[in-house]
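Each reported figure results from applying straightforward, stated rules to the coordinates on display, with no laboratory input. No experiment lies behind these values; they were computed from the predicted model shown. Note that each Cβ is placed from the backbone with ideal geometry, even for glycine, and that neighbours are counted across all protein chains shown.
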């Protein structure tokens with residue numbers, strides 16, 4: 001049994017994963033995405049039974065997983081899960097398909113129809129780029145002038161990937177959101193992320209605290225994880241002021257340090273446990 | 001009811017509308033640029049949607065949203081996702097044993113440069129997403145490689161850090177394009193150009209290419225590898241006569257083939273679509 005940890009640079013999470021592998025006496029390597037060259041076609045002998053994909057660059061993670069899966073190497077997460085989670089629109093469609101409650105979402109392909117859709121949805125709305133982590137390029141749009149300006153900037157300055165407008169109802173939440181960590185078929189930890197900013201993300205200064213995993217949170221988290229294809233994911237949940245719990249995003253390569261300290265759950269060890277299960281399944285084939 | 005989702009209406013789309021009319025098929029044209037897709041809404045009045053959007057992302061997301069509502073599309077979402085991305089196409093072809101140019105993938109300019117030197121010059125660099133040969137480059141030497149890699153990294157956007165490197169195939173100033181509809185080959189044409197990029201969108205000439213069993217088999221295998229559907233397979237002839245599949249296109253233009261073959265291509269496309277309903 002040999003596990004690879006694919007990284008671009010070592011964040012705390014990757015160090016914890018490597019330590020967990022070491023502590024459990026599992027043979028492992030740190031693999032640097034920057035140095036990799038994949039060859040398509042031909043039979044290659046896989047060096048790893050499973051690879052934890054932890055690159056910070058989303059494109060690298062996505063395509064490395066595809067190449068590894070092609071070589072018969074299982075990845076955590078799988079290419080399909082990464083592909084779905086790295087695109088907010090794909091995430092929304094699978095959540096919808098699986099009946100997982102999510103904020104009302106509308107998609108448009110030009111500024112004029114986007115503006116009409118925003119007007120119809122009612123202000124405020126949230127506009128998100130389809131790709132990109134850490135709450136980057138999330139915009140809250142409070143009125144028509146804001147919408148016009150944002151759409152024009154996306155259109156004029158944005159590249160190809162900013163020409164699909166992803167528009168979402170703004171969910172009035174109590175100054176916090178919930179992030180739950182799912183590993184396989186278990187919700188292993190959950191935290192509140194509290195911030196004075198409407199984006200309750202660590203990069204926007206959110207503070208984490210332990211959140212009790214109620215039956216509702218457990219069920220919703222597992223449903224969201226199943227919808228994107230399972231694996232090790234972080235599910236972002238919004239508590240609407242009308243009592244609804246809504247899944248806003250599912251992350252396939254989340255930072256999880258903020259989930260560990262407040263809850264005391266060793267999420268890194270849980271990821272390693274899951275990788276070993278996946279590796280055992282792969283070699284059992 | 002058949003839906004035809006388009007953006008700008010080209011000659012190809014007009015011919016498709018005419019073919020539908022001749023067959024007295026009830027159809028509705030939707031310009032995706034002027035439609036907003038509410039994910040909560042159930043759209044199910046279409047039995048089938050023919051996607052003819054020029055933009056790959058529009059075709060891709062429209063297909064996904066329609067699929068979510070249980071509506072069949074030509075092509076299906078999974079096929080568009082694979083064909084719209086050259087790396088995913090190459091991976092699918094390789095997995096199905098379809099001969100393709102040797103392809104390497106790297107994530108940094110340094111790793112890409114060593115991959116290029118391993119393949120040997122000239123090589124071809126291609127963006128993962130894009131059509132009409134845009135941003136494809138033939139790299140003849142190390143200086144060109146260094147310059148292109150640096151520019152790609154500095155100026156590229158979403159997948160700017162994924163380098164797709166392919167062996168250059170010394171083809172006879174033409175390539176072959178084969179249109180596949182399901183299990184059948186509709187036509188094969190040569191596309192000629194003085195430029196190494198032999199795309200009729202760049203003004204190349206076209207003529208009919210004899211459909212040998214080898215060519216037909218290869219094209220059908222390529223189409224199956226990406227999931228099957230209505231697909232244009234680009235085939236390169238090696239100096240030693242071997243055939244390699246370079247790309248598979250999910251929303252083929254066919255104006256060049258019309259002139260060369262004189263076929264009712266739109267009619268064939270519509271018949272294929274109606275055969276699926």
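Some values worked out for this structure:
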quantity	calculated
0 to 90° range, to nearest 10: angle between helix A:88-97 axis and chain A longest Cα axis	90 degrees
Packing-based exposure ordering (other Cβ within 10 Å, fewest first) of B:46, A:256	B:46, A:256
Whole-number D in µm²/s for chain B (Stokes-Einstein; Kirkwood sum over Cα pairs; 20 °C, 1.002 mPa s)	109 µm²/s
Pair residue B:118, residue B:271: separation of 7 Å Cα→Cβ label points (nm)	4.8 nm
Ranked B:196, B:132, A:271, criterion: other C-beta atoms within 10 Å, fewest first	B:132, B:196, A:271
Theoretical ellipticity at 222 nm over the protein assembly as shown - DSSP helices of four or more residues, -39500 (n - 2.57) apiece, nearest 500	-11000 deg cm²/dmol
Principal-axis tilt of helix A:12-23 within chain A, Cα atoms, nearest 10 degrees	30 degrees
Proxy reagent accessibility, fewest Cβ within 10 Å first, across A:109, A:38	A:38, A:109
Using a Förster distance of 41 Å, the FRET efficiency for residue B:23-residue B:132 (Cβ separation, nearest 0.05)	0.85
Shielding by other protein chains, A:143-153, mean Cβ within 10 Å	0
Three-way shape label, the protein assembly as shown, alpha-carbon gyration tensor, a/c 1.5	oblate
FRET efficiency, residue A:242 to residue A:214 (Cβ-Cβ, R0 22 Å, nearest 0.05)	0.80
Percent RCO, i.e. relative contact order, over the stretch A:172-263, from Cα pairs under 8 Å lying at least 6 residues apart	33 percent
Cα-based helix-to-principal-axis angle, A:267-284 vs chain A, degrees rounded to 10	60 degrees
Projected label distance in nm at residue B:72 and residue B:195, using a 7 Å step from Cα toward the beta-carbon	3.8 nm
Coarse-grained scattering of chain A at q = 0.10, 0.11, 0.16 Å⁻¹, given as base-10 log I(q)/I(0) from a Debye sum over alpha-carbon atoms	-0.55, -0.66, -1.27
Spin-label model distance (nm) - residue B:1 vs residue A:24, 7 Å beyond Cα toward Cβ	5.3 nm
Cα gyration tensor, the stretch A:120-174 - rounded (a/c under 1.5), prolate or oblate	oblate
Prolate/oblate/rounded call for the stretch B:170-263, Cα gyration tensor, a/c under 1.5 rounded	oblate
